[in-house]
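Here is the structure we will look at, set down as structure tokens.
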Amino acid sequence: MQLPLMGIEMLRLLDSSKRGQFLVIYPILSFVSLFYLLTEALISHYKEPPKPASFLNGNGVRNSAYVEKSHSLDGSAIFCFRLLKLLCVLALLSVHMYDVALDEGSISSIVFYVYVSVLAGCSIFLTPEWRDKSNLHVSWLLLSALFVYLYLDVWPLAALNNPDSDITRGSVIWTRIGLLTLAGFIIPAISPRPFRPKQSDDVPSPEDTCSILSRVTYTYLDPVIFYAYRVPDIKLEELPPLPPDERSAVLAEKNFPKIDPVQITTKRHIFWSLTRIFANHYAMCLFYVILNAFAEFVNPLGMKNLLAYLEEGRPQIGLRPWVWVLFVALAPLIGGIIVNQYFYESTFIIVETESLLTQLVFEHSLRIRMKNDVLDKKEEEEIKKDDSKKASVSDVASATASTTTTAVEDDVSPEDPTTDGAQTPIEGAETPTQPADPTKDGSKLAEGDRPPEKEKEKSVYLVGKINNLLTTDVNQIKSMQDVMMIFGGLIQVVIAIVFLYYILGWSAFVGMGVIVLCLPLPAYVGKLVMQAQKGKMGKTDARVQAVSETMNVLRMVKLFAWEIKMLDQITQKRDTELRWVRYGKLLDYLVLSNVNAIIPILSMLFAFGTYTLIMKRPLTASVAFTAIALFLNLSGKMFLVAWQLPLAIRIKVSMDRFNEFLNDTELLDNTSATNKVAAYAARAPDSDVIGFNAATFSWTDINKPQPAKSNSRIFRLHFDGEIVFKRGGINLILGPTASGKTSLLMALLGEMYYKPHGPGSWFNLPRGGGIAYAAQESWVLNETVRENITFGEPFDEDRYNKVLNHCALERDISLWEAGDQTEIGEKGLTLSGGQKARVTLARALYSRAEILLLDDVLAALDVHTAKWVVDNAFNGDLVSGRTILLVTHNIALTSSIADFVITLGKNGRIAQHGSITDVLRKDAKLRAAFEKEKALTEKIEADKEAQANEAEKKVAGKLVVPEDKSIGRVERAAMMLFMRGFGGPLFWISTLSSRTLTTVFSIAGPVWISYWSSQYALTDHVPAVRYLGIYALIQLVQLGFGGLATLFWVLGSMRASRIIHYELVRSIFSAPLRWLDTVPIGRVITRCTQDIDAVDNAFSSRAATFVEMTITLLGNFLVSVYMAGWPALVSGAAMAGLGGWLGVVYLKAQLSVRREMSNAKSPVMSQVGAALAGLPSIRAYAAEGRFRSGLRQRLDVSVRATWTYFTINRWIAIRADSLGAMFSTVVTTFLIYGTDVRAGSVGLTLTVVNAFAGEILWWVRMYNFVEIQANSLERILDFLRIEHEPKPTDRGKPPAYWPSSGSLRVEKLSARYSDDGPEVLHDLNFEIRSGERIGVVGRTGAGKSSIALALLRAIKTKGSVFYDGIPTYAINLDALRSSVTLIPQQPELLHGTLRENLDPFGQYDDSTLNDALRSAGLFQLQEQRKVGTSQTAAADSDEGSATIGLDTQVDAGGANFSLGQRQIIALARAIVRQSKLLILDEATAAIDYETDTAIQNSLRTELGKDTTIITIAHRLQTIMDADRIMVLEAGRLVEFDSPKTLLQNENGLLRALVDESEDSAHLKELAGM
């Protein structure tokens, strides 16, 4: 039976009569080359390409120095190599001229070499472009000639028979072959390549300039790798530079038009976009996969002929045995080179995909509504109802002063000429003039038909989803090219079938039939795996969201002593996620893998059974072991498909999630791709006007059908007429809490849904001169004070110093050791609320923007500082000619600077507008409030505010500590973290024993086949049924033990993952507040997402593979030594020594690079998080470009480390393949030429040796992969070793009755924020009786908030604090903090319902919660709103749903509530706790004065008589009726007595404040005088 393989004729000898046909090949190629080059020259001559802009200087003139450098020669090395090539070509020309002279050559050969010599000269002296083209053609032409002569003159020497006598091989032939080898192969392979920059600042990468051989073998990495081996650690800047084309800016510019949904303008699945972008790389990957598919069969072909040679004395294909030895020995090396080239192409895809998708998610996040009411398609259909039943809409971002999760998008680019810099409705948008009739499609649904659970199901964890997209999903998608291995596997299956038919005849089709019949089974299991993956990703999103949200409010969690309960909630979500992970892994690793292992075994059994029992053919060694090799190959491909199918499924799931995010996430109204502004809305009367006319704004889509029964709030901002703000002046926006003041600014910025009332409707905010925005919740960057103020603007020292003075920041900066270079930490945690507000205001003032939107920036300032800011900043030259829209509650303080005033009512409508005089005259209630507040405006000279306390310690400037990077090997403790969690000794013994027995039986199979095949040489009657049955039993037992080992590993690894995650979160929760200040949230989230995902998947799966491969490799090596003797032992020892040394070198370098790569990921995540936290400000400042640039800089750092990481993997791979080839060559040569063992034994040994040689690379790689992936364990271990707060002890449990009162005694209390920081409180001594109401006042930075933290032991303290008679240092922290309630100035709310925020753990009934809301003043606000709403009920009958109840949905961070409402909710939450000690730290600063008064009255009457209240406030009226007042100055207690007593002290600070007030009599009346 002949081998029916394509190309088999190439293995046969060449007839001399056909020699001339081959000799014309390379001359023909030379004519093709000439035609191509002439065509190129003509095109270049008649079509001059545009000059690259990058080669031009700032004046548009070509940089002559750069051009001259580009046209110079390419260096001495390249010049010498090309000159040597020219000399070789001339020598070849001489040789062929000699042949022609002897009538043995042809004129065409001379013409060929003349042409090549001309090209070789051109490759030296022409311009760079033509040098490169000429050199390339020379190399290819010479290489083609070399191949022709190798086939004609060398290949026949491999034949067993003598070559044809007509073919002579004299010195001329060998000279020609030698010169062709040198010029056509060696010189092109070892010659360096010239660097051709595309940009003037491009830096050459070693990969761009190294030789082809160095690139294929990755020798160019030797300097970096061996340098990393010699030094303790290698830094990022010491890695090879990033190739210019891999820079993130270049990738985005080139590929965004193909993938960005806004630029594409049509919905296209991201798969097609990525396919278009990486088409060339995918094509090359597919080529290498197909090439490798054929290379896989080089080894079986060689084995078949070698065994046939041993059995019959002659191979079936008549070539010498050494040829087949090379086939067997070098097959792993050939396959390794091909696979390395595949991975080289994959590296481009991996790094570019990660960079591109990260930028795409970031870019898209600037456009989306982070708080939109996302409904699934089914739900949207279900909620369509009749017009008479108007749907209530979910309010997703009311008063977006919260900058935590509100998304924005660049409304109009400054360069956009169509809008003249103004934000106006875009013409041509097609929105119907009336809302669509929701009943037109005939779908109706009764209200009772909808399950209530739907309301909860529609909550979208968008922030957690973005984090997951950038970590888990990107990691999945960037491996998309690996799915091509499925196609390679299918090709190999076809080749294997043909090969098996050649060996086994038609019995091979029986085996294939078994495979076909069994194929539906893995397909079904694969479907289950996909479902499991989808379920797992959903649960992962929920956990990541819970972790992200909890980390953002961790300070509140700690101060409320909720750590254990929050940990339990996160652990429950983690357990749910792990159940899905375990289910998916059991399906994948146990069921699917075993199914794919059983199918080839069944196929082999049926094929062997048919071959021996039905066809009655002997199962000889050449047949058996070649068939086994093929079936093993087939099994490997089945495993590959089994491994790739879940990968393909995971990629599909991740792509669908990306696609949903890009195409289905709602964008802002003025995004060009999805503009929803009505076409009939008019333009503003003037492009410079700022205002509204006849429009309604909402945080939900007004025209979209909504669920009729919604627990979400609704708020609408109405403009029934025209409201125009005064340009060039200061416009005040006034109104009670929750009236829509912040929403008005957000409406101008385009954040809200816009519904015009008619053709004359419009709203406008000119952007041509720039916008500056200061949010109510100050948004600051994790950078220095100066960088926060300048915000990317050029530094102007005079202007900067003036801004510092006007914002009263000079004194603060003088107290910091690093001055304005002080890092302010994530979310500005090192600054007080007033300092953050002033930094945010300073940023707006420093900017050159013509329009300033300032959202209640005075609320966080004490009256002294507020007065200074108003007198200097708002009356100074910095605001001259600029338009300011200022939201404020302080009417009296700002009335003198107001040019125009708007007052909002409780119902979101304009109550009054005009000058301050007109508004006060028309609104009696506002006028009364103005007169009352005016008395609270202290008139203090500026120099008094600026006095510095020289005794106060300075604060260090550096806050955020750089992320630690371990040096050297992964420490043992990191590995033990997993091993201890995996299980005890018995569990480990069971797992390893099962895996060892699996290996034993996998070796027993070939041994039994060897014994079986040898029986045919000993006897004519061989009981094939018995041998076949025993072989089947061996395979069955092997599968059983393998499945048992897999089950043990999955269960153990899931247990370890659960324990590690629990310990990580618990460690973070028990960290002190100072640690949270110094560690960015992005770094924490990376540990809880990326590193935990690595433990769940990459580390555990690779550790399992490493254990399996170690046992298998050891078994194969022992068998090889037993069968082949000392050659196997010596070569194996040499290979082990070299491999071990290379592994150590590789691991040392790769661990450093891996750590750099891991650390480089956190800044990317932090940049994204910072941008998401401040999107309104970013969009208002039009600072998207700055943040985009910052992200790209961080991405380039990450990609540089990633690129080096993957190329180092290729470095070790090619060397491990070479070692495997060495071992195979030695053993195979010895077996063929050095022994006389039977063919069966040789077949067994070759099978084992080939398995060993093929696995040695993967064992070395897997060992290194395990250590590299253990870097995630190492990073987690670092977080387990951080400083922790004291753990609860039995001795620290207070008595059951404690606290029975709110008495407090403080003795010599001093406090500091860190061990090396200055003291912020100095020797405080005071006593507070139970039930007293204490007021605390003092200037910004006096230490008011520090007292609150010190009482809760949240900062470092000295001295004693006695709470209800027990020293707090002797009480467990959880007991102390759960008995004291602190309400911070910046309230923090959780995602969920209002009930879940008031009572997160279900401890109280609804009546208690409603009483708390009533006491906090929320119901009073709603009653006032209802009064206002009833006046316009006819117009707004659907706004009754705005009532806030316990089932009202709260978005993450409370973004759908105003700051004032959040403070009220936080106050209600504190009241629910019924603590004996209540501390209010500016808890009502953002609430209007009327509501504040009502709240204070409520606190006096609603709380128990024994409840002690400590109120920290800037407003004097808030604390003037307190029992006693504490006055702080620079961390010292300077006054503490009753207000009446303090006011009687004529030299007292409090007396000075009251006396300088216009309404001192009223304040004295409050004090009881």
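Bear in mind that the values in this text are calculations on the coordinates, not laboratory data. If you're wondering where the values come from, they're calculated on a predicted model, not measured in any experiment. Please note: Cβ atoms are built from the backbone with ideal geometry, for glycine as well, and neighbour counts cover all protein chains shown.
Quick query: amide H of Ser191 versus all other amide H atoms, modeled in the peptide plane; which residues come in under 5 Å with a sequence gap of 5 or more or a different chain?
Ile212
Based on the Cα coordinates of the stretch 508-646, what is the per residue volume of their convex hull in Å³?
107 Å³
For q = 0.18, 0.20 Å⁻¹, what log10 I(q)/I(0) does the stretch 236-347 give under the Debye formula with an equal point scatterer on each alpha carbon and no solvent?
Listed by q, the Debye log ratios stand at -0.96, -1.05.
When the expected Rg is taken as 2.2 N^0.38 Å, what fraction or multiple of it is the alpha-carbon Rg of the stretch 177-258?
The reported ratio for this selection is 1.43.
Limiting things to C-alpha atoms, what are the Rg and the maximum Cα-Cα separation (Dmax) for the stretch 782-915, in angstroms?
15.5, 49
Just the Kirkwood number for the stretch 120-265, please: inverse of mean 1/r across all distinct Cα pairs, in Å, one decimal.
About 19.8 Å for the stretch 120-265.
What number results when the radius of gyration of the stretch 1307-1419, computed over Cα atoms, is divided by 2.2 N^0.38 Å?
Scaled against compact globular proteins, the figure is 1.27.
Restricted to Cα positions, what overall size does the stretch 996-1097 have along the principal axes? Three whole-Å values, descending.
85, 18, 15
So what J values fall out for the stretch 991-999 if you push phi through Karplus, 6.51 cos²θ - 1.76 cosθ + 1.60 with θ = phi - 60°, rounded to Hz, Gly and Pro as x?
Working through the residues one at a time gives 5, 5, 5, 4, 5, 5, 5, 4, 5 Hz.
Calculate the dipole size of the stretch 481-599 relative to its Cα centre from +1 charges on Lys and Arg beta carbons and -1 charges on Asp and Glu beta carbons; express the result in debye to the nearest 20.
That gives the stretch 481-599 a dipole magnitude of about 400 debye.
So how do 124-131, 684-691 stack up, highest first, on mean other-Cβ count within 10 Å?
Answer by packing, highest mean first, reads 684-691, 124-131.
Calculate the radius of gyration of the Cα atoms of the stretch 1352-1413 to one decimal place, then report Dmax, the largest Cα-Cα distance, as a whole number, both in Å.
Rg, Dmax (Cα atoms, Å): 15.2, 42.
To two decimal places, what compactness ratio does the stretch 1102-1163 give when its Cα radius of gyration is scaled by 2.2 N^0.38 Å?
Expressed relative to 2.2 N^0.38 Å, the Cα Rg reads 1.59.
Given H placed 1.01 Å from N in the peptide plane, which residues other than close sequence neighbours of Glu1529 have an amide H under 5 Å from its amide H?
Val1534
Please work out the C-alpha center-to-center distance from the stretch 327-356 to the stretch 467-504 and express it in whole Å.
If you average the Cα positions of each part, the centres end up 13 Å apart.
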